1. Across region 262-285, what is the total count of residues that are at pLDDT below 95 and in a helix (DSSP H, G or I)?
2. Name the one entry in LEU103, LEU115, LEU125, LEU171 that is among the aliphatic types (A, V, I, L, M) and more than 19 Å from HIS335 (Cβ to Cβ).
3. Can you confirm whether region 73-95 contains a residue that is aliphatic (A, V, I, L, M), buried (at least 20 other Cβ atoms within 10 Å of the Cβ), assigned by TED's automatic domain parsing to the domain that holds LEU351 and in contact with a Lys or Arg (Cβ under 7 Å, 6 or more places away or on another chain)?
4. If PHE228 satisfies all but one of (1) buried (at least 19 other Cβ atoms within 10 Å of the Cβ); (2) within 18 Å of the chain's Cα centre (by Cα); (3) within 13 Å of ILE261 (Cβ to Cβ), what's the number of the condition it fails?
5. Helices (runs of 4 or more DSSP H) wholly in region 110-227 with at least 2 residues that are out of contact with any helix residue (DSSP H, G or I) (no Cβ under 8 Å at 6 or more places or on another chain) and in the same structural domain as GLN360 (by TED's automatic domain parsing) - which ones?
6. Which one of these is more than 26 Å from GLN306 (Cα to Cα), crowded, with 19+ Cβ neighbours inside 10 Å, of a type outside the set (D, E, K, R) and out of contact with any Cys (no Cβ under 6 Å at 6 or more places or on another chain): PRO162, PRO179, PRO140, PRO183?
7. Look at region 350-399 and say how many of its residues are within 23 Å of LEU320 (Cα to Cα), assigned to a helix (DSSP H, G or I) and among the aromatic types (Phe, Trp, Tyr).
8. Quick check on this structure: which one of SER338, SER334, SER302 is touching a Gly at 6+ places or on another chain (Cβ under 6 Å), buried (at least 20 other Cβ atoms within 10 Å of the Cβ) and not aliphatic (A, V, I, L, M)?
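The values are calculated or read from the model by the stated rules, or taken from the named source; none is laboratory data. Source: prediction; values computed, not measured. Neighbour counts run over all protein chains shown; Cβ positions are idealised from the backbone, glycine included.
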Amino acid sequence: MNNHASRFPNRHSRRSFLGGAAALGAGAAGVGIQLGDASAQDSTEISMMGWGSELEKQNVDNGLAAFQEQNPDITVDWIHIPVAEDQQVALKTAIAGGTAPDLFWSTPFRDFVALGAAMDVTEYLQADPVIGAPDYFLQPQEFERATVNDKWFGIGSCWVAPHIYYNADLLAEAGIDPPSSNPAEAWTFEEFKEYGRQLTFDADGRHPGDNGFDVDNVRQWGVSWPTFDIALAGAIYSNGGYTWGTDYTAGHGSPESIEAIQAIADLTNVDQIAPVPAVLSQMGTDWQALATGNVAIIVQGSWSLQDIAKLDFNYGCGVLPVFQEPATVLLAHSHCISSTTEHPDEAWRLLAYLSSDEYQLGLIQAGLWLPSHTSLLTPEGIASWMTEGVHPEGYDQLVTDYVANYGHNLFYPAGYAEANEMIVSALDPVWIGAQTAQEALVDSGVLDELSAHLQEQQALMADI
């Protein structure tokens with residue numbers, strides 16, 4: 001089962017980088033930038049390794065410049081590696097070579113806890129009068145993602161979550177009221193499919209189910225629901241299932257999870273309202289397909305808003321359709337301090353700044369992040385980040401009500417990368433209709449292999 005036991009009684013509330021890893025790990029600092037006054041005699045230099053698109057990097061650069069202005073005794077060497085998977089390989093290479101950065105980003109941070117590479121920051125956090133306050137973070141989600149055996153080994157950068165994006169003009173042309181940002185008014189999954197059918201038509205204007213509908217000559221697709229782990233988890237949790245449990249179990253084989261996974265596959269193979277990946281890739285990214293009118297509705301992560309806002313079209317956002325109950329999943333990378341840092345106090349000062357409203361605010365305003373601090377979920381806090389031309393009408397309710405009250409922390413167990421690859425490989429034939437989810441996950445026996453892997457990882461974490 002998925003163990004969500006917590007101290008907090010109330011909810012408030014990116015395949016591989018195979019070559020050159022060693023060279024990248026050894027030379028990663030060459031892609032970094034140094035900010036601040038490096039010539040200052042009393043300046044302590046600390047390093048931080050992370051990833052992100054050029055847009056994200058610009059916002060991080062701005063935040064680090066502000067940090068160094070406020071902390072002139074610290075210089076930050078920002079080791080930026082654009083792709084998350086590449087950064088994680090470079091990070092493991094640096095750790096193995098004894099050249100770990102003082103502070104690093106990671107989503108499956110428990111791998112680094114298991115390696116002994118992440119520092120326990122519990123005492124630093126508890127001593128901090130601002131971020132150590134019990135009501136500072138959105139809880140219990142922050143505690144669930146940031147701790148191992150009740151010890152804090154990092155702090156989440158923010159929250160991100162999958163939700164609906166839609167091309168408002170296409171929905172208006174079809175006479176369809178857009179999906180709401182209010183979870184109480186969410187479409188059911190059956191309604192989502194019916195609207196997807198109405199929004200899908202071929203070159204002759206026929207819809208799926210119509211006599212003669214030509215799926216090989218579709219002019220406009222109704223929906224796109226990607227099958228990567230985060231987007232898929234949104235459906236699974238809404239149907240009463242779960243993915244990874246805090247008790248190191250995989251929930252993908254439960255009836256609820258199997259049903260949700262099959263429903264997403266059927267959008268393409270049975271309902272014929274979603275394009276196959278090869279067709280979608282010809283349109284560019286799914287948000288480019290949304291902007292050009294090739295797809296009317298997409299499910300994507302909230303981080304896509306930063307890119308969508310720069311495209312010239314009329315868009316809106318809504319909550320995910322409901323299977324059994326409103327639900328989305330919450331995640332984001334964590335900021336961790338290396339256990340081998342020679343400058344723990346300075347590294348903590350940087351981590352604390354990265355956990356401040358001031359730093360988080362710029363990335364939220366740009367549409368990349370969602371707030372993880374309760375102060376940014378108040379009316380005054382919301383007013384500080386809601387940005388005209390970025391956040392569409394109703395986005396504040398999506399963040400404060402939907403995310404805070406229906407967002408499930410997407411737990412990443414130690415050994416997640418290997419575990420997720422087992423799931424991805426097993427599900428490949430499902431997405432093309434060659435197997436059912438039941439056959440691929442349950443009948444194949446892959447979940448037995450996965451369970452053994454997870455139990456090995458849990459044993460490694462027992463004495464942390």
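1. Residues of region 262-285 that are at pLDDT below 95, as a first pass: 276-285.
Those left that are additionally in a helix (DSSP H, G or I): 277-282.
The qualifying residues number 6.
2. Working: LEU103 fails: more than 19 Å from HIS335 (Cβ to Cβ); LEU115 fails: more than 19 Å from HIS335 (Cβ to Cβ); LEU125 fails: more than 19 Å from HIS335 (Cβ to Cβ).
Of the residues listed, the single one that is among the aliphatic types (A, V, I, L, M) and more than 19 Å from HIS335 (Cβ to Cβ) is LEU171.
3. Checked against the condition, which is being aliphatic (A, V, I, L, M), buried (at least 20 other Cβ atoms within 10 Å of the Cβ), assigned by TED's automatic domain parsing to the domain that holds LEU351 and in contact with a Lys or Arg (Cβ under 7 Å, 6 or more places away or on another chain), region 73-95 yields at least one hit.
4. With (1) buried (at least 19 other Cβ atoms within 10 Å of the Cβ); (2) within 18 Å of the chain's Cα centre (by Cα); (3) within 13 Å of ILE261 (Cβ to Cβ) applied to PHE228, the lone miss is (1).
5. Numbers: elements: 110-114, 122-127, 141-146, 168-173, 189-199.
Qualifying helices (runs of 4 or more DSSP H): 122-127, 141-146.
6. Values: PRO162 fails: more than 26 Å from GLN306 (Cα to Cα); PRO179 fails: more than 26 Å from GLN306 (Cα to Cα); PRO183 fails: more than 26 Å from GLN306 (Cα to Cα).
Just a single option satisfies the conditions, and that option is PRO140.
7. Residues meeting the conditions: 2.
8. Working: SER338 fails: touching a Gly at 6+ places or on another chain (Cβ under 6 Å); SER302 fails: touching a Gly at 6+ places or on another chain (Cβ under 6 Å).
When all the criteria are applied, what remains is SER334.
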